[in-house]
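Structure first, commentary second.
Read-outs throughout are calculated quantities, based only on the coordinates presented, and are distinct from any laboratory measurement. Since the structure is predicted, the reported quantities are computational estimates derived from the model, not experimental observations. Every residue, glycine among them, receives a Cβ derived from its backbone with ideal geometry; neighbour counts consider all protein chains shown.
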Amino acid sequence: MTLHLSNPQIKRRGLMLVLSSPSGAGKTTLTRLLREREASLSLSISVTTRERRPSEVEGSHYYFISETEFRDLQTRGDLLESAFVHGNHYGSPRKPIEKALSEGKDILFDIDYQGARQIASKAPDDVVTVFILPPSITELRTRLERRAEDSGEVIDRRLAAAKQEISRWEDYNYVLVNDDLDKTFAQLRALLAAERLKRERQVGLSSFVAGLLGDLP
């Protein structure tokens, strides 16, 4: 669902769509579907200090930088959000994101509640946050077990982490219960379409309306 504004006098400022959820709630699948169906929505590429894996491509999966470079970005305020995970730094660089927004492009973030909170505090007018809930904890465990990727101990840790993650649900603009993937995806696209049409994101709308009023007798 690509949004086209018919009036050339009105341009749309892009938005940042942030998806968060406990592991197993369906965020990764929804992110993939959005990227497949929403041509103007691109995934934010983070910077990281960890070593690049053989299968990873610079600029596609991450931008791999040194600890010094990362700290310089932090000091200059050039990261919209950052986190220290398993001994490595991760962050979202501000400049390419702001450039994309000014060009009317939308950016998708697949991050946790800590990153979502940082972005919302630094760019409240440009961000739309969505939290994905499972229909039940029993179903969440079933989904984690069905993936057959983690040991029972790791699944227990993910479920323990889910308690803190779910408790942050009130921090988000929208909350979707993913009890049916097709329905949840349709809801997600609907809210994205509505957010794109918000008055505040229509650059030039004030001048256009002033022109209409000026043409009235």
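In the chain, helical runs assigned H by DSSP with n ≥ 4 each contribute -39500 (n - 2.57); averaged across all residues and rounded to the nearest 500, the mean residue ellipticity at 222 nm is -13000 deg cm²/dmol. One quarter of the surface of the convex hull around the alpha-carbon atoms of region 11-208 equals 12.4 nm², the direction-averaged projected area. Please find the FRET efficiency linking Glu51 to Asp125, where r is the Cβ-Cβ separation and R0 is fixed at 45 Å, and quote it to the nearest 0.05. Computed FRET efficiency for Glu51 and Asp125 comes out at 0.80. Between Pro93, Pro124, Pro134, the residue with the greatest mean-square fluctuation in the GNM of the chain (Cα pairs under 10 Å linked by springs) is Pro124.
The simple spin-label model puts a point 7 Å past each Cα toward its Cβ; for Ala190 and Ser60 those points are separated by 3.6 nm.
Largest first and in whole Å, what are the equivalent-ellipsoid semi-axes of region 97-217 based on the Cα gyration tensor, each being the root of 5 times an eigenvalue? Present the calculation step by step, with values, prior to reporting the outcome.
On the way: eigenvalues 310, 50, 28 Å².
Listed largest to smallest, the semi-axes of region 97-217 are 39, 16, 12 Å.
For the chain, what's the relative contact order in percent, using C-alpha pairs closer than 8 Å and at least 6 residues apart? For the chain, the relative contact order is 33 percent. Each of Ala162, Ser92, Gly204 was scored by the projection of its Cα onto the charge dipole of region 68-217, and the greatest displacement toward the positive side belongs to Gly204; charges sit on the C-beta of Lys, Arg, Asp and Glu.
If R0 is 41 Å, the Cβ-Cβ spacing of Ser206 and Arg35 corresponds to a FRET efficiency of close to 0.80. Computed extension length for Thr68-Ala100: 8.9 nm, one decimal, from 0.36 nm per residue of separation with the Cα-Cα distance subtracted.
Each peptide in 46-56, 172-182 was scored by the mean count of other Cβ atoms within 10 Å over its residues; highest first, the order is 172-182, 46-56. Angle of helix 113-122 to the longest C-alpha principal axis of the chain, folded into 0 to 90 degrees and rounded to 10: 30°. With respect to the chain, whose longest principal axis is taken over its alpha-carbon atoms, helix 152-166 is tilted by about 30°.
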